[in-house]
Structure formats: structure tokens, C-alpha cells
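To start, the structure under review is shown below, and the notes come after it.
Each value in this text was obtained by applying a stated rule to the coordinates, not by laboratory testing. Bear in mind the structure is a predicted one, so any value in this text is a computation, not a measurement. Note: ideal-geometry Cβ built from the backbone for every residue, glycine included; neighbour counts use all protein chains shown.
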């Protein structure tokens with residue numbers, strides 16, 4: 001084999017590797033949200049499972065199984081699943097969007113960039129377009145980390161979840177549950 005052929009094979013392999021799709025590593029990724037009850041008591045909750053991918057074209061999708069919710073209190077998990085997230089009818093919360101190709105191609109190993117990333121979030125039957133300030137870090141040629149720089153402020157009223165939240169408030173005997181839900185995530189993507 002000539003040097004020229006070897007160079008072409010290596011170049012083709014590298015360009016294929018650069019164009020490969022990325023998958024969310026569920027075990028290393030996290031999604032957290034905060035609920036505020038009675039105007040002063042804030043509690044952090046999470047979803048324990050996330051799946052998703054980022055294509056070489058920059059399109060991403062993330063699916064969050066609602067049954068993976070963890071509020072640390074089993075009865076609260078059950079009530080949220082039944083009254084707020086309608087888990088029997090809607091198995092996942094979905095987010096999708098497109099990353100600017102400059103973000104993906106311009107990063108060298110060890111580099112980070114902060115961007116305002118647009119995404120479409122679907123909860124039950126309602127979708128909202130949101131902007132998340134995220135930091136993208138290229139850890140290696142086979143690993144990216146995407147984290148929120150600031151919480152995404154989700155308004156349950158915009159997703160028509162207010163009746164379920166009101167039922168939750170009533171069952172828990174609370175004076176109030178804030179409709180604003182600060183949400184953060186850290187996604188580890190691997191090739």
C-alpha cells in the first residue's frame with residue numbers, strides 16, 4: 001500500500017469519525033428541577049433516566065421517561081405522575097432542536113463555548129419554544145458535556161399543568177406551589 005492510499009484511508013476515517021452521531025450517556029447525565037412550596041420551601045428533584053442523540057447535522061433530541069421522576073418521597077412521586085404528568089397517557093417529556101454547526105466543528109479538545117440554545121419542549125400535549133444558556137465542552141474526540149449555565153425557568157401554566165399542580169397542592173395541604181420551576185441539566189454525550 002502506498003503512502004498516498006494510506007493517507008486517503010486515514011483522512012476518510014477521520015472525517016467519518018468527525019461526522020458521527022453522539023448519544024446521551026444516561027448514567028452520567030442529570031436533569032434536576034426545583035419546586036417551591038408555601039413561598040419559602042424549595043426542594044430539588046430529578047429524573048433518573050435520559051436518552052437522546054445529537055446527529056452530525058446538529059439536530060438533537062432528548063427523551064425523559066416520566067416514570068424516572070425522583071422527589072425522594074414515594075407518595076409525592078405517585079401524585080405527580082398521576083395528577084401532573086399523566087404518566088398513564090404520556091410516557092416521556094421530549095426536547096428537540098438544532099445546534100449551530102460552528103459550535104460542533106469549532107471546538108478542540110479541552111475547549112468550551114457558551115451559547116443560547118433554542119429548543120422545543122413537549123410536556124403532555126403542549127409544546128413551548130425555549131432558550132437555554134448552555135456551556136458545551138469537548139472533553140475528548142469521543143465525549144461532549146453540555147450543561148446549563150443558568151436555570152431554565154419553566155412555567156407550568158404555559159404547559160397547562162396548573163390543574164394538576166393545584167390538585168397536588170390540595171392533596172399535600174399546602175398554601176401554594178409556585179408555577180415557576182427552575183430546571184437544570186448536565187448531558188454527557190459520547191460517540
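Key figures
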| read-out | value |
| --- | --- |
| Failed condition for residue 190, given (1) under 18 Å from residue 62 (Cα atoms); (2) touching a residue at least 60 places away in the same chain (Cβ under 8 Å); (3) surrounded by 15 or more Cβ atoms within 10 Å (Cβ to Cβ) | (3) |
| Residue count for segment 140-185, restricted to those that are crowded, with 16+ Cβ neighbours inside 10 Å and part of a strand (DSSP E or B) | 14 |
| Segment 73-105, subset part of a helix (DSSP H, G or I), in contact (Cβ under 8 Å) with a residue 60 or more places away in the chain and touching a strand residue (DSSP E or B) at 6+ places or on another chain (Cβ under 9 Å), residue surrounded by the most Cβ atoms within 10 Å (Cβ to Cβ) | 80 |
| Selection from segment 36-72 of residues that are in a loop (DSSP other than H, G, I, E, B) and either farther than 14 Å from residue 177 by Cβ or in contact with a helix residue (DSSP H, G or I) (Cβ under 6 Å, 6 or more places away or on another chain) (or both) | 48, 49, 50, 55, 56, 57, 58, 71, 72 |
| Among (1) part of a strand (DSSP E or B); (2) touching a residue at least 12 places away in the same chain (Cβ under 8 Å); (3) loosely packed, with under 13 Cβ neighbours inside 10 Å, the one test that residue 108 misses | (1) |
